[in-house]
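Written out below as structure tokens is the structure these notes cover.
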There are 2 protein chains.
Amino acid sequence: MNAEIISVGTELLLGDVVNTDTAIVARALTTIGVNLLHTVTVGDNPQRLQEALELALSRCDLVITTGGLGPTDDDLTKETIAKTAGQPLVEYPDIRTRIEEYFTGRTISENQYKQAMLPKECHILPNDHGTAPGCVCTTPQGKQVAMLPGPPSELEPMLHSYLIPYLQRANTEVIQSHKIRVFGKGEGAVAKEIDAFTQNANPSAATYASEGEMYVRVTAKAASQEQAEALCKPVVEQIGACLGDFVYGVDVDSLEQCVIDILREQHRTIATAESCTGGLLAKRLTDIPGSSEAFEMGAVTYSNRIKSLLIDVPEELLEQHGAVSEPVARAMAQGVRKKAGSDLGIGITGIAGPDGGSAEKPVGLVYLALSDGKQTWVRNMPGGGMVRSREYYRWRAASTALDMVRRYLNGLPVNP
Amino acid sequence: MNAEIISVGTELLLGDVVNTDTAIVARALTTIGVNLLHTVTVGDNPQRLQEALELALSRCDLVITTGGLGPTDDDLTKETIAKTAGQPLVEYPDIRTRIEEYFTGRTISENQYKQAMLPKECHILPNDHGTAPGCVCTTPQGKQVAMLPGPPSELEPMLHSYLIPYLQRANTEVIQSHKIRVFGKGEGAVAKEIDAFTQNANPSAATYASEGEMYVRVTAKAASQEQAEALCKPVVEQIGACLGDFVYGVDVDSLEQCVIDILREQHRTIATAESCTGGLLAKRLTDIPGSSEAFEMGAVTYSNRIKSLLIDVPEELLEQHGAVSEPVARAMAQGVRKKAGSDLGIGITGIAGPDGGSAEKPVGLVYLALSDGKQTWVRNMPGGGMVRSREYYRWRAASTALDMVRRYLNGLPVNP
């Protein structure tokens, strides 16, 4: 089955909002073996939406729209699709009641009731997190159009709870896909090393770069889950062997998920002291549900004074070497570990930019330390050479710290 | 001038990567008055790329592609576009030299040199942050196709330094646009209040929701910047008056930018103590360049033990009221302020979920406190009612804290 996503919203064309919906829907379609061949965005413009819809229906079996289901006048997705499917919009009393319940104790503006209007014949997708329901309707040519709301917090649960199960009942070919995640090696180098695999069609293997790391996706198609998995498995293993300990996981969500999982498994705890990353490492670790079992304490120590006050970095060290230095990174890792009474301590100090760099200590220079109470390891990111953004340097520094922890916990050399 | 963006990359269709490039390019086009009417994504498939290109060229004047310029075999954008524009690809010796310089001291794989091949007649867009240059070439029908690399860290500087200035030399109509940013009021309510303005065409006004907040965009078109601005100005002022102190800024980047700006202006400092947000507030504040002038210290105090140890929250308070309570939020704000010696202190404690909730203290319940040493204000997010994601609750809590600080610094009631 081939699909196309049409996102509706002028805010997307103005660049005010990043379109995360498409990636969320795309990922879900991949898991159930639906091929996504195109995605398209149009503004809140019924004519262009209709043209996009007609083109999509001419080249695929399933169209999924995101956005344009809200209460305001420029939300026109349902109207346009109902017209194309040759169906009137009618009010669904159950949905009207649900809207009234949702707003219990608050005033309901008349335009909210627009959300109770849906095509006369459709499969309703309930919205457990908002007032605009979605639906799937069938065109006279037997193609399906599914409508999802724009806000990701409403779209995502509706997709997983209602649309995907609905679609799964209809699909036969299965795609199985695995993601081999790599930190510390670039896409170009990996592409060369696994050249033998990327030439094949089924399973296919392809390399992708994302900011600061890369991954290899292995994908097989077959009539059943088991057959597709049997095609993938040996290739995933061979690529894994080829890339060695630069692989931090297969089908894991992120470095932070990987680190929290191992910490919990080993009943170990961690504490972080951050200067240039300003809490990003703590934020990434605590993004993971259940991280409270492993994450003991985070200190964001921007100034020298706070580094000494909070995690006992000796003042002489700061004076002698400067805040951005290997000895200070060490002292931060050791100090925060001791303060928190945790098994591991991380110290990060560097220059995220755009200001604050010098010839000797360029923007992007970061020292990272990991201490286990017996030993302390340090890695540095040289920075400088290429001018990257503040965001990039901060993200990359947090990832590098996570990679050091992962390596330590897995008994690998902390620095490759 | 009408434009269309074509993003190229199978990783986008698999949902592995969120397409941020489109928003970055869209925003830049908006500022120079180019109308973006469609955006499209295709995989690394030359035939579908060619079809998308032909359709785009049939309906707009400028096509911008993102991605597919890299060194690997599936990077086929240049080849496909050169073919459509009827031009051979030739090697540019300067670019080859630059690639060699970039890899000084490292091995260059042969496929890297592919990046030195560009259409014979084109305007080159240098890549100051990577090896793949972009270019603009003109079709036999006089339409322009610009090619940008996929990684945002390369695309963004190329766009702003080279493509936008190049396009500006050719464009005549000007769009002026302002974004009125609102926290603490929903899109539906605002849409109703400013109904009189959203009916107009020039300037137009439209409401947009983004996770946890909303904004109104006012847009005018005219022959000159001054004329467009003259159309916008009164409408921006009237809408601002209508929404009162729920407006946190016009054309400001974010709540955190707004807070750091005022703190620096007033020479005041802040410290944060976070439980459920786990460093997200510190991270957001330190995202802002120059935040080190205002941000004194951040404490991520997940466990009760660390709350007492690091920021002196009395143990009896934790025992008596539980960690997620108004008195503990107060004590956190007061404690971190005192510890850091800062002007302001923030305390956040809550239940981000998905686990840890109860009937009495549901997931999403968050207490937020702001202390200035004389007085402490508390706000709470009730949570519960609707089940939202961990990410949403954390983001919304950090935003709420920022809004409290903004209100305090501006002499407004801390709680509206």
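Bear in mind that the values in this text are calculations on the coordinates, not laboratory data. If you're wondering where the values come from, they're calculated on a predicted model, not measured in any experiment. Counting neighbours? That spans all protein chains shown, and the Cβs are built from the backbone with ideal geometry, glycine included.
Listed by Cβ neighbour count within 10 Å, with the fewest neighbours leading, B:358, A:204, B:161, A:342 appear as B:358, B:161, A:204, A:342.
The magnitude of the dipole of chain B, with charges of +1 and -1 set on the Cβ of Lys/Arg and Asp/Glu and taken from the Cα centre, is near 820 debye.
Within straight-line reach of residue A:338, meaning a Cα separation under 27 Å, sit the following lysines at least 8 residues removed in sequence or on another chain: A:283, A:307, A:374, B:283, B:307, B:338, B:339. Equivalent ellipsoid of the stretch B:174-250: semi-axes from √(5λ) of the C-alpha gyration tensor, largest first, are 22, 11, 11 Å. Here's how it looks for residue B:194: its modeled amide H is under 5 Å from none belonging to a residue 5 or more places away or on a different chain.
With +1 on each Lys and Arg Cβ and -1 on each Asp and Glu Cβ, how big is the dipole of the stretch B:270-416 about its Cα centre, in debye rounded to the nearest 20? So the dipole magnitude of the stretch B:270-416 works out to roughly 260 debye.
Simple spin-label estimate for residue A:120 and residue B:375 gives 6.2 nm between the two label positions (7 Å along the Cα-to-Cβ direction from each Cα).
Projecting the Cα positions of B:329, B:288, B:310 onto the charge dipole of the stretch B:277-338 (unit charges on Cβ atoms of Lys, Arg, Asp and Glu, taken about the Cα centre) puts B:288 furthest along the positive direction.
In the distance distribution for chain B, Cα-Cα pairs more than 30 Å apart total 56 percent. With the helix formula -39500 (n - 2.57) applied to DSSP H stretches of n ≥ 4, the protein assembly as shown reaches a computed 222 nm mean residue ellipticity of -11000 deg cm²/dmol.
FRET efficiency for the pair residue A:319 and residue B:230, taken as 1/(1 + (r/R0)^6) with r the Cβ-Cβ distance and R0 = 35 Å, rounds to 0.05. Checking every one of the GluC sites (Glu not before Pro) in the stretch A:139-193 against DSSP loop status and a limit of 15 other Cβ atoms within 10 Å picks out A:173.
Determine the shape class of the stretch B:280-409: with a ≥ b ≥ c the square roots of the Cα gyration tensor eigenvalues, call it rounded for a/c under 1.5, and otherwise prolate if a/b is greater than b/c, oblate otherwise. Judged from the Cα gyration tensor, the stretch B:280-409 comes out oblate (a/c at least 1.5, b/c at or above a/b).
Summarising the overall dimensions of the protein assembly as shown from its C-alpha atoms, the Rg and Dmax are 26.9, 79 angstrom. Counting only DSSP beta bridges with both residues in the stretch B:255-409, the antiparallel share comes to about 55 percent.
Normalised by the number of residues in chain A, the average gap of Cα pairs under 8 Å and 6 or more apart makes the relative contact order 10 percent.
Over all other residues within a Cβ to Cβ distance under 10 Å of residue B:174, the charged ones net out to -2, with Lys and Arg as +1 and Asp and Glu as -1.
Between the stretch B:31-56 and the stretch B:112-163, the alpha-carbon centres lie 16 Å apart. Taking the C-alpha atoms only, the angle from helix A:390-409 to the longest principal axis of chain A is near 70 degrees.
Computed from backbone phi with θ = phi - 60° and the Karplus coefficients 6.51, -1.76 and 1.60, the 3J(HN,Hα) list for the stretch B:83-99 is 4, 5, 7, x, 10, x, 8, 10, 7, 9, x, 4, 5, 4, 4, 5, 4 Hz; x is used for glycine and proline. Once you reduce the stretch A:214-288 and the stretch B:210-259 to the center of their Cα atoms, the two points are 42 Å from each other. When the Cα gyration tensor is reduced to axis lengths a ≥ b ≥ c, the ratio a/c is 1.5 or higher for the stretch B:147-276, and with a/b not above b/c it is classed as oblate. Cross-link reach is defined here as a Cα-Cα straight distance under 24 Å, omitting same-chain residues fewer than 8 places apart; for residue A:233 the lysines meeting it are A:179, A:185, A:192, A:221. Close amide H contacts of residue A:65 (hydrogens built in the peptide plane, cut-off under 5 Å, sequence separation of 5 or more or a different chain): A:6, A:146, A:147, A:148. Among bridges DSSP assigns within the protein assembly as shown, what percent are antiparallel (round to 5)? Taking every DSSP beta bridge within the protein assembly as shown, about 65 percent pair in antiparallel fashion. Taking trypsin sites (Lys or Arg not before Pro) across the stretch B:347-416, the ones in a DSSP loop with at most 13 further Cβ atoms lying within 10 angstrom of their Cβ are B:374. The HN-Hα couplings worked out from phi for the stretch B:237-249 by the Karplus form 6.51 cos²θ - 1.76 cosθ + 1.60 (θ = phi - 60°) are 5, 5, 5, x, 5, 5, 9, x, 7, 6, 6, 9, x Hz, whole numbers, x standing for Gly and Pro.
With a Förster radius of 22 Å, plug the Cβ-Cβ distance of residue A:242 and residue B:113 into 1/(1 + (r/R0)^6) and report the FRET value to the nearest 0.05.
Given R0 = 22 Å and the Cβ-Cβ separation, E is 0.35.
Computed from the Cβ-Cβ distance with R0 of 60 Å, the FRET efficiency linking residue B:338 to residue B:169 stands at 0.55. Cysteines in chain A lacking any other cysteine Cβ under 4.7 Å from their own Cβ: A:60, A:232, A:242, A:258, A:276. Checking every one of the trypsin sites (Lys or Arg not before Pro) in the stretch A:77-148 against DSSP loop status and a limit of 16 other Cβ atoms within 10 Å picks out A:106, A:120, A:143. Whole-Hz Karplus values for the stretch B:181-192 come out as 9, 10, 10, x, 9, x, 4, x, 5, 5, 4, 5 Hz, taken residue by residue from phi with 6.51 cos²θ - 1.76 cosθ + 1.60 and θ = phi - 60°; glycine and proline positions read x.
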